[in-house]
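K.L.:
Quick one: the structure is below, and I'll ask about it shortly.
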Amino acid sequence: MKKFKPILLALGALALIFLGIAGVKFLQIRAMIASGENSTRPPETISTAVVESDSWVRSVESVGSLRPVQGADLSTEASGIVSKILFENGAEVRQGELLVELDAEAERANLRAAEAEAQLAKSVYDRTKSLRATNNVPQSDLDAAESQLRKAEALAQQISAAIAKKQLRAPFDGRLGIREVNLGQYVEQGAKIVPLQSLDPIHVDFLLPQQLVSTVAPGQKIILRTDAYPGREFTGELTAVNSEIDRITRNIRLQGTLKNTDGALRPGMFARVEIFPGGSDAVLRVPVTAVFRAPYGDSVFVVLERTNEDGVSEKFVEQRFIRTGRSMGDFIAITEGLNEGDTVVSAGAFKLRNGSSVQVNNALAPKPELSPHPENS
């Protein structure tokens, strides 16, 4: 028994030390919990905006694609070897300008022979006509001479037309693309030579749902925007409304026309189109940054006042679910959930929860605009 007594004393001492440490930690944790229950979370700093009424010009947005007023992939009407290329890629050309020639030496030789035959037939005809005037030849000889002359002239015209088919001319004013042929290359009839597009003016084709058919008409203003030129707007007008509605999508096709003097817009570009049917709508607007998007619905934080336990007035936020309408510039229309004059959180909403205390600081908040023009655009 005496042998185990030191071991038991050591174990007892370790137990006392452990209990002492546990007691100290227990007291520390209880003190921290009590301190947390008595402390209050400091208010979050936010920026605010007031819900305002406004009158927005009525507009409808869609997406479309740019298309030339006139455009074609040019080709020759005959087969042959390319003997001349008379244009540069991307050049501006005028209507009737000669672009490409195919080898036509054989046709030109035939034309010279046909013109010689026609000249001889003309001489025979003139001589026969003079003799007929003095009744030295019968009328049948004059008719035969005239027939030979017409045949010879027709043959010459036929060969001239064959030569013209081996010449490619610009059918309208426009800008050429990149050629698809080279000198000495044999091309088949109808083979693509070069694209030609008329770029000024230019069309934009877009679709609208059938519910809006009664609100659109030729002559209405349109504004076009494209990612190729951020911040730039192109203005034009609606020039055509299709005569039928698509049976599958129930959309109607519309066409707008825009000036394009600098050639910035190109056929095939994707664009956003805004059309203005006329009139205006009364809306309640807030900055877009005030709307908190979530899968279960859109909401905003409304700033209210209350009296705390110490009798001091303080600001807090209340989350409200809303319905939104169309947007304009930095603002969005609110169709349900807010009233004019309400104050909403416009910056800092991500760190709030329902009932959070807040303090307002609008000193550094950017000012929203209906027609923003960022400096870096």
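The values are calculated or read from the model by the stated rules, or taken from the named source; none is laboratory data. It should be emphasised that the depicted structure is a prediction, and the values quoted were computed from it without experimental measurement. Every residue, glycine among them, receives a Cβ derived from its backbone with ideal geometry; neighbour counts consider all protein chains shown.
K.L.:
I'd like to know if region 203-213 contains one or more residues that are out of contact with any helix residue (DSSP H, G or I) (no Cβ under 7 Å at 6 or more places or on another chain) and at positive phi.
P.N.:
No, region 203-213 has no match at all.
K.L.:
Does residue 342 satisfy the criteria of being acidic (Asp, Glu) and surrounded by 11 or more Cβ atoms within 10 Å (Cβ to Cβ)?
P.N.:
When the stated conditions are applied, residue 342 passes them.
K.L.:
Please give the strands (runs of 3 or more DSSP E) falling wholly within region 264-377 in which 3 or more residues are more than 30 Å from residue 175 (Cβ to Cβ) and without any contact (Cβ under 8 Å) to a residue 12 or more places away in the chain.
P.N.:
In region 264-377, 299-307 are the strands (runs of 3 or more DSSP E) which contain 3 or more residues that are more than 30 Å from residue 175 (Cβ to Cβ) and without any contact (Cβ under 8 Å) to a residue 12 or more places away in the chain.
K.L.:
While we're looking at this one, here's another question. Any idea which residue in region 34-47 is farthest from residue 318 (Cα to Cα), counting only those that are at pLDDT below 75 and exposed (fewer than 10 other Cβ atoms within 10 Å of the Cβ)? Before you say what the answer is, go through the steps one by one.
P.N.:
In the first step, residues of region 34-47 are kept if they are at pLDDT below 75; the result is 34-41.
Now narrow it down to the ones that are exposed (fewer than 10 other Cβ atoms within 10 Å of the Cβ): 35-41.
Values: 35: 27, 36: 24, 37: 23, 38: 24, 39: 22, 40: 18, 41: 17 Å.
Among them, the one singled out is 35.
K.L.:
Restricting to region 240-260, give me the number of residues that are of a type outside the set (A, V, I, L, M, F, W, C) and farther than 15 Å from residue 67 by Cα.
P.N.:
Total meeting the criteria: 8.
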